[in-house]
Amino acid sequence: MIAESDRARKTTIWFATALLPRGWAQRVRVEISNGRIAAVTTDTDPAPEDERAAIGLPGMPNLHSHAFQRAMAGLAERRGSEGDSFWTWREAMYRFVDRLGPEELEAIAAFAYVEMLEAGFTRVGEFHYLHHAPDGRPYADLAEMSSRIAAAASTAGIGLTLLPVFYAHGGFGGAPPDPGQRRFLNDVERFARLLDGARTAVAKLGDARVGVAPHSLRAVTPEELDAIAQLADGAPVHIHAAEQVREVEECLAALGARPVEWLLDHAPVDARWCLVHATHMTSGETMRLAQSGAVAGLCPITEANLGDGIFNAAEYLRAGGAFGIGSDSNVRIDLAEELRLLEYGQRLARRERNVLADHGGRSTGRMLFEHALEGGARALGVECGIRIGASADLIALDANHPSLIERDGDGLLDGWIFAAAGTAIDRVWRGGSRVVAAGRHVRRATVTARYREALRRALDR
Ligand code: NGQ
Ligand code: ZN
């Protein structure tokens, strides 16, 4: 019995070509044991029982998601009578959130995670703040909604770094919360209990991580930030920062410094930290953040959708800054599009091409992919890449996709990210299990049916 199940947990995938930490290699055998990579051999033939694929890439971490927002994608694209902004979108989002109970949250998150896996994201950093019942009272189990996120991750088979959010105020200076925020709120003591509950809720997933997320300097006072960061206990700390100009102005007025500047001066910002967006920084802040070791959590599609502004990636990367990609509002879930838009924002702003390739001759796609992989893994507290000991989170591109014909090496990444229409992803393995085949998640049909039911209930009410 034991030998049987042991054997079942060992698989080997052979790639004609694959991107390893030291670069592209040919005829690569990846041996997997208990969900982790046990051996990587290059220039070798496949064994008869090996699963074979053409083009292998490591799975990508998605460092910032609010899964429930997937269900309101496209519902906030009508202009209001007085114009629209991030702040009017947020009001629409608060109204939408009122319609979601535990079953709806789980169904929507499972659907979003299925789409993430199909896009090549194999782990998600869920920045989770929808904690309480619609009337603002905690559920009988304080961590009910965290358990639902864990269940959704389990259904889809995606890796989870759960980031329970501490949210206490409606603005700088400890302003009272808005009624629309009632489901998010905790004091530090109750948050500590919620965090314990969240740790228990994810334990059965095997390789889940739990960090902490003080929501923003708008929602958390300096004293609370200090207390929450200490609860992380060495795990990742994520915070929204400098997404909107109004937020920068209010921060200057309340705290006497810009958000990123204030965090660098007053919080122990280091490689455990992820500053989500960090859109509006001076050159000085850009240099300092780059040197801190923290990860900038960039969400190009959402930042475009919400009218946030353009992150100064060129300067930040030249200073050695780390970044990862988040799908944030999940208005679209598409890894290639996130990477492409990150580069295109720079091209449009600077009127140049291939801005983020770090030196002559370098492929932009390769640079975007590798930096996002490394920064994303750091922000989510895991190892990444096709290397021994890392989780067997793998992508196989479709060698027959028209945009990949007669491409090799970095040309495959450039073809996928900049040129391919539709999905160029054929298969995805997460922890050694194949969860996507022929571009579709193996549970797409049942997860979509449950999502449809949840939305019918939520939107008919
Ligand atoms: C969020 N989203 O937490 O979902 C926020 C809106 C807020 C973005 N910042 C709420 N994109 O920032 O207060
Ligand atoms: Zn966010």
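The values are calculated or read from the model by the stated rules, or taken from the named source; none is laboratory data. What you are looking at is a predicted structure, and each value in this text was computed from that prediction instead of being measured. Don't worry about glycine lacking a Cβ; one is built from the backbone with ideal geometry, like all the others, and counts go over all protein chains shown.
For the range 88-117, name all the residues that are surrounded by fewer than 21 Cβ atoms within 10 Å (Cβ to Cβ) and not in a helix (DSSP H, G or I). Within the range 88-117, D98, R99, G101 meet the criteria.
One residue stands out among those in the range 295-311 that are surrounded by fewer than 22 Cβ atoms within 10 Å (Cβ to Cβ) and more than 11 Å from ligand 1 (Cβ to nearest atom): the one that is nearest to V124 (Cα to Cα), which is A304. Within the range 323-345, is there a residue that is over 21 Å from D414 (Cβ atoms), away from ligand 2 (no atom under 16 Å from the Cβ), touching a strand residue (DSSP E or B) at 6+ places or on another chain (Cβ under 7 Å) and free of Cβ contacts under 8 Å to residues at least 60 places away in the same chain? No, the range 323-345 contains no residue that is over 21 Å from D414 (Cβ atoms), away from ligand 2 (no atom under 16 Å from the Cβ), touching a strand residue (DSSP E or B) at 6+ places or on another chain (Cβ under 7 Å) and free of Cβ contacts under 8 Å to residues at least 60 places away in the same chain.
Say we look at the range 356-388 and pick out the residues that are assigned to a loop (DSSP other than H, G, I, E, B) and among the basic types (K, R); which of these is farthest from A271 (Cα to Cα)? Per the stated criteria, the residue is R362. Look at V435 and say whether it is of a type in the set (A, V, I, L, M, F, W, C), surrounded by 19 or more Cβ atoms within 10 Å (Cβ to Cβ), in contact with a strand residue (DSSP E or B) (Cβ under 9 Å, 6 or more places away or on another chain) and modelled with pLDDT of 95 or more. Here the answer is yes, as V435 does meet what is asked.
Of all residues in the range 243-264, those that are among the polar types (S, T, N, Q) have Cβ atoms under 7 Å from Cβ atoms of residues that are assigned to a helix (DSSP H, G or I), 6 or more apart or on another chain, in Q244/F86. Considering only residues of the range 141-181 that are within 16 Å of ligand 1 (Cβ to nearest atom) and in a strand (DSSP E or B), which is nearest to L394 (Cα to Cα)? The qualifying residue nearest to L394 (Cα to Cα) is L162. If you go through the range 312-359 and keep only what is within 22 Å of F127 (Cβ to Cβ), more than 16 Å from ligand 1 (Cβ to nearest atom) and charged (D, E, K, R), you end up with D334, E337. For the range 58-77, residues that are more than 15 Å from ligand 1 (Cβ to nearest atom) and surrounded by fewer than 21 Cβ atoms within 10 Å (Cβ to Cβ) total 2.
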